[in-house]
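All remarks here apply to the structure that follows.
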Amino acid sequence: MKKFKALLVVACALLLVAASVFGTMAYLTSTDTVTNTFTVGKVAIKLDEAKVDADGKPVANAERVKENSYKLLPGHTYTKDPTVTVEAGSEASYVRQMVTVTFDKVLTDAQLATQLDGIFTGHDAKWVRNDKKVETKTKDGAEYTVITYEYRYKDKVPATTTNTKLPALFTGIKVPETWTNETLAAFGNIEINIVAHAIQADGFDNADDAWAAFK
């Protein structure tokens, strides 16, 4: 019995030692973390023009607008200055303006050969005409002519932290002196619509590739 008790004491001691050893054992470990934060880039532009009256004269102290109406007269010049502002925070971008001239009638070859391309005055050399398209379209069974001009801003616009105003595409519209009342009547109503586009420059080798990808 004494021998058994002695063995029991020894066993308990060994268990205590084992518990002590294993209770203090720790593995060598290390932890590290990488956190990726993504911010969203943007390209944002604004297009506007000076507010004018029906005779094309600027309205004093008026804010710039998105739309004007004109009463066309031969030989008369009308203020029209479509201006793009690249907004603060925009990434580097390419910018263009699409000028669409819509007639409510189908123009003849003779009419198309008149000074239609020269009605815009004060054209800024920073805007380069890249394309011109003449189309006959149909709406409600009636055909009409649409001429579309594409003007690209010559330079890539760098990333900006402030609003960056580009030069106006042109400063006015002039009805040629050779156009008579009969000429204007034959053209019918004329609507000029201008749309500005911008696309990021990053990821493209040049402006042609960028605009080819534009939807």
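Could you please report the charge total around T138, scoring K, R as +1 and D, E as -1 over all other residues with beta-carbon less than 15 angstrom from its beta-carbon?
Numbers: positive: K105, K137, K139; negative: D104, E135, D140, E143.
Local charge sum for T138: -1.
Around A62, under 15 Å between beta carbons, what's the net of Lys plus Arg minus Asp minus Glu among the other residues?
On the way: positive: K51, K57, R64, K66, K80; negative: D48, E49, D53, D55, E63, E67, D81.
Within the 15 Å Cβ shell, the charges total -2.
Provide the per residue accessible area, probe 1.4 Å, for the chain, rounded to a whole number of square angstrom. Intermediate results must be reported in sequence, preceding the final value.
Values: 14190 Å² over 215 residues.
Result: 66 Å² of accessible area for each residue.
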Charge tally in the Cβ shell below 14 Å around P176, where Lys, Arg are +1 and Asp, Glu are -1, P176 excluded: -2
With Cα coordinates, the longest principal axis of the chain makes an angle with the long axis of helix 2-24, in degrees rounded to 10, of 20 degrees
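Output the Kirkwood hydrodynamic radius of the stretch 97-145, Cα pairs only, in Å rounded to one decimal.
Working: mean 1/r = 0.0785 Å⁻¹.
Across the stretch 97-145, the inverse of the average 1/r is 12.7 Å.
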Which of the following values of P(r) over Cα pairs in 10 Å bins from 0, in percent was calculated from the structure shown: [x] 8, 27, 31, 19, 8, 4, 2, 0, 0; [y] 8, 34, 36, 16, 5, 1; [z] 7, 23, 23, 14, 6, 3, 3, 4, 4, 5, 4, 3, 1, 0? [z]
Euclidean distance between Cα centres, the stretch 160-198 to the stretch 97-133, Å: 9 Å
Under a point spin-label approximation (7 Å from Cα along Cα-to-Cβ), what is the T121-D55 distance to one decimal in nm? 1.5 nm
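Tell me the carbon and sulfur percent of the accessible area for the chain, rounded to whole percent, probe radius 1.4 Å.
On the chain, the fraction of accessible area on carbon and sulfur atoms equals 54 percent.
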Work out the FRET efficiency for D104 and N206 from their Cβ-Cβ distance, taking R0 = 41 Å, and round it to the nearest 0.05. 0.60
With label points set 7 Å from each Cα along the Cα-to-Cβ direction at K133 and N36, the distance between them in nm comes to 3.8 nm
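The values are calculated or read from the model by the stated rules, or taken from the named source; none is laboratory data. Everything quoted here is computed from the prediction, not taken from an experiment. For neighbour counting, all protein chains shown are included, and Cβ atoms are generated from backbone atoms with ideal geometry for every residue, glycine included. Heads up: the accessible areas ignore ligands, DNA and RNA and are worked out on the full protein's heavy atoms, side chains in. Shrake-Rupley method; radii C 1.70, N 1.55, O 1.52, S 1.80 Å.
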